[in-house]
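A short reminder: the numbers here are calculations on the coordinates, not readings from a lab. Keep in mind that this is a model prediction, so the values were computed, not measured. Neighbour counts are summed over all protein chains in view; Cβ atoms, including those assigned to glycine, are modelled from backbone coordinates with ideal geometry.
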Amino acid sequence: MKSESSTIKEILPTLRPKVIYEVILTTKSRQGEINAAPIGLRFIDQMLSSLLLIVYKGTKTYNNLLDTRVGVVNVTRDPSVFIKYLAGSKHEHLKEEIEDAELVDAPRLKNAEAYIEFKVENFSEEVKKGYFYCTIVKAYKGIGIIEPYSRGSFALIELAVNVSKIDPYLDQGIDVSELLQGIVYCIKVLEKTIGETLMEEQVKALFSSLSDRSFSLLRQHLSQLGIHL
């Protein structure tokens, strides 16, 4: 049974244009290989009918969007989902946690809080990035989650964002010192808010997504500050 279609403002009434929101994007290749990855998006019109995805070249998300020109925005506030789909072992979860979207030929997560199915209308590129301008095909609710505010949840998402940028930044010759500072801050917040054991589990899962070069650099930086994971 298909879900009732709604406007994005009905489903997510606090969303605003031009603001970057962190979501999980699900796509698949022309050969049917599925992928899920955290990404930031922004709506580019007042009616929230179109959105912009800026994606690094060479990633599976970039290649899949070029291949099929469709995808699904999975909205979730669960930080463990962002970590899961950045970790090196993320494909272990895909078979159990992915299902077909309703209108576009793309996968979606089974337990997201809301879904936005889209198609790519226009594309432009720079040396290292692609700009995908997309229109909404269908927006609808998923499961409802109510939970109290936790600094730890937001620190985990911010940590995931910072870690995900290290490899692309190094590949482009961009200074990563600000990312490293952000990672240290997030780890200190997590130590205070979610407990040492859970913090170590989540951080190690995130670090498993890094290349050897990036991991070595990050570990050296943390070690100099007395943080050993």
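The table for this structure:
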{"item": "Rg over Rh, two decimals, segment 151-224 (C-alpha only, Kirkwood Rh)", "result": "0.95"}
{"item": "22 Å Cα-Cα threshold exceeded, pairs from Lys110/Lys165; Lys129/Lys204; Lys60/Lys165; Lys9/Lys84; Lys60/Lys90", "result": "Lys110/Lys165; Lys129/Lys204; Lys9/Lys84"}
{"item": "Translational diffusion of segment 18-78, µm² s⁻¹ [Kirkwood Rh, Cα pairs; Stokes-Einstein; 4 °C; 1.567 mPa s]", "result": "107 µm²/s"}
{"item": "Relative contact order of segment 1-44, pairs being alpha-carbon contacts under 8 Å that are 6 or more residues apart, as %", "result": "38 percent"}
{"item": "Radius 15 Å from Cβ of Arg77, net charge of other residues (Lys, Arg +1; Asp, Glu -1)", "result": "-2"}
{"item": "Total charge dipole magnitude, segment 93-229, about the Cα centre, Cβ charges on Lys, Arg, Asp, Glu only, Debye to nearest 20", "result": "280 debye"}
{"item": "Percent RCO, i.e. relative contact order, over the chain, from Cα pairs under 8 Å lying at least 6 residues apart", "result": "19 percent"}
{"item": "Net dipole in debye of the chain [+1 Lys, Arg Cβ; -1 Asp, Glu Cβ; about Cα centre; nearest 20]", "result": "280 debye"}
{"item": "Dipole of the chain, positive direction: furthest Cα of Ile83, Thr14, Ala155, with charges on the beta-carbon", "result": "Thr14"}
{"item": "Cβ-defined net charge surrounding Asn122, 14 Å radius [Lys, Arg +1; Asp, Glu -1]", "result": "-1"}
{"item": "Correct choice for Kirkwood radius over Cα pairs in Å that was computed from the model, options (i) 19.0; (ii) 18.4; (iii) 17.4", "result": "(ii)"}
